[in-house]
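Student: Dropping the structure in here first, questions after.
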């Protein structure tokens with residue numbers, strides 16, 4: 001009897017090994033995504049291996065859920081002490097801090113590049129410059145101002161869910177650029193090069209799962225109509241990038257995330273106004 005039990009345990013161990021290995025691998029990929037796109041401390045066993053960075057985009061929308069939740073919690077805690085407006089500002093600051101301004105830097109560089117450059121070479125050169133110009137300042141200020149005013153129009157009890165959904169959905173939409181567009185930076189030092197390889201259908205599905213699922217929590221089917229303006233904005237930006245530089249860069253993806261997040265907030269306000 002004891003021998004039979006040992007045999008069963010041995011059988012289960014052998015057959016669970018592939019599953020456990022895959023689970024461990026996916027966990028490492030997730031934490032690689034978290035480490036690359038946020039400033040959240042990660043364990044030393046998490047590295048930036050090209051293999052994991054290449055697959056990291058599948059969990060970008062899940063990271064968006066985490067970032068949005070942090071922003072929402074900061075808002076809720078701040079609202080007990082400060083006004084609605086100040087709580088929203090602190091929430092926005094917290095999400096910028098936790099991501100290191102990763103995507104905000106993208107919109108600033110993209111505005112500078114496309115605002116000041118008239119050829120592919122000039123646009124890419126300007127976007128690579130660490131200095132921020134007039135176009136970048138105006139673009140970043142406009143996006144942040146629209147984000148603040150949009151959130152200010154929403155009821156306090158809605159902010160947490162709206163932030164989680166906005167951050168998750170916009171990150172998923174931005175990640176689809178890696179499925180439809182070519183990465184055009186050729187320099188090996190580009191900060192997004194390792195994570196900017198073309199993603200698979202499987203990774204796209206995982207990203208969609210985490211990016212779109214938060215909409216279900218609204219408990220109204222009509223919120224899914226919000227996907228239309230968000231994807232229209234993404235389509236226009238993708239078309240614009242392809243026309244001018246033949247593809248996209250990490251900064252273009254960051255700009256897409258920021259713009260699609262704002263489009264989601266504005267579309268939600270319009271939807272609530274007419275329903």
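The values are calculated or read from the model by the stated rules, or taken from the named source; none is laboratory data. All values reported here derive from a predicted model rather than from experimental measurement. Virtual Cβ from ideal backbone geometry, glycine too; neighbours counted across all protein chains shown.
Student: Looking at residue 28, is it modelled with pLDDT under 95 and not in a loop (DSSP other than H, G, I, E, B)? Don't jump to the end; show me each part of the working.
Tutor: Values: modelled with pLDDT under 95: yes; not in a loop (DSSP other than H, G, I, E, B): yes.
When the stated conditions are applied, residue 28 passes them.
Student: Only one residue in 125, 58 is modelled with pLDDT under 95 and touching a helix residue (DSSP H, G or I) at 6+ places or on another chain (Cβ under 7 Å), so which one is that?
Tutor: Working: 125 fails: touching a helix residue (DSSP H, G or I) at 6+ places or on another chain (Cβ under 7 Å).
Among 125, 58, only 58 is modelled with pLDDT under 95 and touching a helix residue (DSSP H, G or I) at 6+ places or on another chain (Cβ under 7 Å).
Student: Report whether or not residue 144 is at pLDDT 95 or above and surrounded by fewer than 18 Cβ atoms within 10 Å (Cβ to Cβ). Show your work before the answer.
Tutor: Values: at pLDDT 95 or above: yes; surrounded by fewer than 18 Cβ atoms within 10 Å (Cβ to Cβ): yes.
Yes; evaluated as a whole, the condition is true for this residue.
Student: Name the single residue that is modelled with the lowest pLDDT among those in the stretch 31-45 being part of a loop (DSSP other than H, G, I, E, B) and surrounded by 12 or more Cβ atoms within 10 Å (Cβ to Cβ).
Tutor: Going residue by residue through the stretch 31-45, those that are part of a loop (DSSP other than H, G, I, E, B) are 38-45.
With the extra rule that they be surrounded by 12 or more Cβ atoms within 10 Å (Cβ to Cβ), the set shrinks to 38-40, 42.
On the way: 38: 89, 39: 89, 40: 87, 42: 79.
Only one residue fits best here, namely 42.
Student: Listed residues 161, 219, 269; which is modelled with pLDDT of 95 or more, more than 19 Å from the chain's Cα centre (by Cα) and under 21 Å from residue 68 (Cα atoms)? Spell out the reasoning first.
Tutor: On the way: 161 fails: more than 19 Å from the chain's Cα centre (by Cα); 219 fails: modelled with pLDDT of 95 or more.
Among 161, 219, 269, only 269 is modelled with pLDDT of 95 or more, more than 19 Å from the chain's Cα centre (by Cα) and under 21 Å from residue 68 (Cα atoms).
Student: Checking residue 261 against (1) over 25 Å from residue 122 (Cβ atoms); (2) free of Cβ contacts under 8 Å to residues at least 24 places away in the same chain, only one condition comes out false. Which one?
Tutor: Going through (1) over 25 Å from residue 122 (Cβ atoms); (2) free of Cβ contacts under 8 Å to residues at least 24 places away in the same chain one by one, residue 261 breaks only (2).
Per-residue answers, yes or no, for (1) more than 18 Å from residue 154 (Cα to Cα); (2) in contact with a helix residue (DSSP H, G or I) (Cβ under 8 Å, 6 or more places away or on another chain); (3) surrounded by fewer than 23 Cβ atoms within 10 Å (Cβ to Cβ):
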{"site": "66", "(1), (2), (3)": "yes, yes, yes"}
{"site": "71", "(1), (2), (3)": "no, yes, no"}
{"site": "79", "(1), (2), (3)": "no, yes, yes"}
{"site": "86", "(1), (2), (3)": "no, yes, yes"}
{"site": "112", "(1), (2), (3)": "yes, yes, no"}
{"site": "116", "(1), (2), (3)": "yes, yes, yes"}
{"site": "120", "(1), (2), (3)": "yes, yes, yes"}
{"site": "129", "(1), (2), (3)": "yes, yes, yes"}
{"site": "137", "(1), (2), (3)": "yes, yes, yes"}
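Student: Test residue 208 against the stated conditions and say whether it is assigned to a loop (DSSP other than H, G, I, E, B) and either at pLDDT 90 or above or touching a strand residue (DSSP E or B) at 6+ places or on another chain (Cβ under 7 Å) (or both).
Tutor: Values: assigned to a loop (DSSP other than H, G, I, E, B): no; either at pLDDT 90 or above or touching a strand residue (DSSP E or B) at 6+ places or on another chain (Cβ under 7 Å) (or both): yes.
When the stated conditions are applied, residue 208 does not pass them.
Student: How many residues are in a helix (DSSP H, G or I) and buried (at least 18 other Cβ atoms within 10 Å of the Cβ) when one looks only at the stretch 161-186?
Tutor: Of the stretch 161-186, the ones in a helix (DSSP H, G or I) are 161-175, 177-180.
Narrowing the set further to residues that are buried (at least 18 other Cβ atoms within 10 Å of the Cβ) leaves 162-175, 177-178.
Here the count works out to 16.
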